[in-house]
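The structure appears below as structure tokens.
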Amino acid sequence: MADSEKTCLFLPPSPPCLEIFQLSRVLDLPPENLIKSISAVPISRKEEIADFQLSVNSLLENNDHSRPDIHVQATRLAEKLKCDTVVSEISTGQGTINFKINRELLTKTVLNQVIEDGSKYGLKSELFSGLPQKKIVVEFSSPNIAKKFHVGHLRSTIIGNFIANLKEALGHQVTRINYLGDWGMQFGLLGTGFQLFGYEEKLQSNPLQHLFEVYVQVNKEAADDKSVAKSAHEFFQRLELGDVQALGLWQKFRDLSVEEYIRIYKRLGVHFDEYSGESFYREKSQEVLKMLDSKGLLQKTVKGSAVVDLSGNGNPSAICTVMRSDGTSLYATRDLAAAIDRMDKYNFDTMIYVTDKGQQRHFQQVFQILQIMGYDWAKRCQHVPFGVVQGMKTRRGDVTFLEDVLHEIQLRMLQNMASVKTTKELKNPQETAEKVGLAALIIQDFRGLLLSDYQFSWDRVFQSRGDTGVFLQYTHARLHSLEDTFGYGFLDGFNTACLREPQSVSILQHLLRFDEVLYRSSQDLQPRHIVSYLLTLSHLAAAAHKTLQIKGSSPEVAGARLYLFRAVRSVLANGMKLLGITPVCRM
């Protein structure tokens, strides 16, 4: 074996390189083909398990071999491999070859790699090697000005933020867009309503709440009084025609609302590179209609509206309406114009829309229309749908705005923290309560498939034990306090022989898997893989904290254990930040 091969002993979070070179020769396959067939073994209750396993099944598929009994094939391959300075034991499982790594090497390399790589741990893996750096646009949150900021917008906000965080962590150039519902008949109602019931002082002090109150009141009036409905229609027509006074009032509503949203998003730890909106595309959507017409794709209906027939045979389910009978555009037309404009502006490799699953058909049709218009890049557009949350109500009633959710989170978490002694010592308990509460909300939301509906429960969300965001924050704060209590003097180095206990080994084996978990989430954009991983890591840390005492141990043992806990805290913090959670150091 060449010296260059021996130097590539083991670079966590990666498979053992020596074994890859052996396998490469035995199977006559290039090493890079083996990377994704070898994975770290998930920890189990058994103390002695392998660290890595090779899926023989995937190798046979890759190499197109004849397929004899998988177990027999695994045994034959294992017999051709030898233990060495890296691999201390080789065994076989059901269709797998299992490798146990030299414990001293495992401990030293994993912990050093975690500390050295810091926030990049797991992202430097061979799983991501050769990954092309892309321009990615993510559209998410997208509330409607003057309407309720409902739970769907909250889900879109945290899911879109996670996807953008993950893509950025992987080195892509990400543009975050908030596509506001800032045009349409509701602004006719709002303009008329403000002239009737609006107060400038209330608008300046709490724009979102006041505009919502005006909107609710004018809707009631319009239902009973046709003259109010007529005034609203006239106001929107003035907007469409570019009336300076009407546009000035609309611009004020929009600017104040965006300013308020930015303030609230900041509390969430969410930011946007662009605040766009439907209003940006009212003129460009007319250009889209002309393009559709020139390509012979626009069909007029008896009622005077215009549609695109995606089936070509009049199938009602494949017809997309793109223009009203009065010639004005619709949501679909504006989305077409926005997509074309964004490609011109950003030249994206991928554009991701994060909305509820009720819009799946809408986006399928938008992407199809773009393709038949001749835009091949429509294949690069992706819709990430999510399910419905039921039962999210504050104590004052249904959720109206995101700020109501943040207020409720802070209130409930402060009550939970009131019984804890250390809460009294916090400089800003309100801020800590909000961060812990947001973690609770995000973990509750991200535990299952995004597409699934779920029943929201405040009581379940704020449990301090079990698989919750509160437990993750508590674990992080507890590990941070260990470093505070025992100081950083221990962290200069460590003796690997002091970390042989089963609890230490289980943590090390779990740390090995972080890159694979990140890779899975990067492939399907589901945060649940990371959530599950972090919860398991927190449970392992909690168990280890009970048995691996630092106080009363020799300096050598205490130092090694402190180094282990520091590595756990580092990976825990990395994962939490990807999910959009700000880790707290005290609570």
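What to note about this one:
- Solvent-accessible surface (1.4 angstrom probe) belonging to VAL228, in square angstrom, nearest 10: 10 Å²
- The long axis of helix 469-486 is offset from the longest Cα principal axis of the chain by roughly 50 degrees.
- Helix axis angle, 17-27 relative to the chain longest principal axis, alpha carbon, degrees: 90 degrees
- Solvent-accessible area per residue in segment 289-425 equals 50 Å², computed with a 1.4 angstrom probe and all protein chains kept.
- Lysines whose Cα lies under 18 Å from that of LYS80, excluding same-chain neighbours fewer than 8 positions away: LYS100
- Segment 221-315: C-alpha gyration tensor shape, a/c 1.5 cut-off, then a/b vs b/c: oblate
- Computed from backbone phi with θ = phi - 60° and the Karplus coefficients 6.51, -1.76 and 1.60, the 3J(HN,Hα) list for segment 133-148 is 7, 10, 9, 10, 9, 10, 9, 8, 6, 6, x, 9, 4, 6, 9, 5 Hz; x is used for glycine and proline.
- ILE159, ILE49, ILE262, ILE319, ranked by accessible area, largest first (probe 1.4 Å): ILE262, ILE319, ILE49, ILE159
- Within the accessible area of segment 121-217 (1.4 Å probe), percent carbon and sulfur: 51 percent
- Solvent accessible area, Å² - GLU283, 1.4 Å probe, full protein context: 130 Å²
- Under-5 Å amide H pairs with ASN144, H placed in peptide plane, nonlocal only: GLY181
- Accessible area expressed per residue, segment 136-269, with surrounding protein chains retained (probe 1.4 Å, Å²): 40 Å²
- Per residue, in Å², the accessible surface of segment 522-587 once ligands and nucleic acids are set aside, probe 1.4 Å: 35 Å²
- Carbon plus sulfur fraction of accessible area for segment 513-563, probe 1.4 Å, in percent: 48 percent
- Relative contact order %, the chain, counting alpha carbon pairs below 8 Å whose residues are six or more apart: 15 percent
- FRET efficiency estimate (nearest 0.05) - Cβ-Cβ, SER554 to ASN57, R0 60 angstrom: 0.80
- Extension gain, GLN368-ALA223: 0.36 nm per intervening residue step, less the Cα-Cα distance, totals 48.4 nm.
- Identified option (computed semi-axes √(5λ) of the Cα gyration tensor in Å; candidates [x] 56, 29, 23; [y] 46, 28, 25; [z] 52, 33, 18): [z]
- Distance between modelled label sites at LYS147 and GLN415, nm, 7 Å Cα→Cβ extension: 3.2 nm
- FRET efficiency, GLN133 to GLN359 (Cβ-Cβ, R0 41 Å, nearest 0.05): 0.90
- Signed unit charges on C-beta, dipole axis of segment 299-353, positive-most listed residue MET343, ASN315, SER305: SER305
- The length gained by stretching the chain between ASP28 and CYS585 to full extension, at 0.36 nm per residue less their Cα-Cα distance, is 195.5 nm.
- Cα-Cα over 28 Å, subset of LYS252/LYS435; LYS266/LYS551; LYS36/LYS577; LYS134/LYS577; LYS147/LYS202: LYS252/LYS435; LYS266/LYS551
- Pairwise FRET efficiency - GLN286 versus LEU247, Cβ, R0 = 25 Å, nearest 0.05: 0.90
- The length gained by stretching the chain between TYR454 and GLN173 to full extension, at 0.36 nm per residue less their Cα-Cα distance, is 97.9 nm.
- Each Lys and Arg contributes +1 and each Asp and Glu -1, all at the Cβ; summed about the Cα centre of the chain, the dipole is approximately 940 debye.
- C-alpha long axis of helix 70-79 to longest principal axis of the chain, angle in °: 50 degrees
The values are calculated or read from the model by the stated rules, or taken from the named source; none is laboratory data. All of these numbers come straight from a predicted model, not from anything done at the bench. Cβ: placed from backbone, ideal geometry, glycine included. Neighbour counts: every protein chain shown. Ligands, DNA and RNA are excluded from the accessible area calculation, which covers all protein heavy atoms including side chains. Shrake-Rupley method; radii C 1.70, N 1.55, O 1.52, S 1.80 Å.
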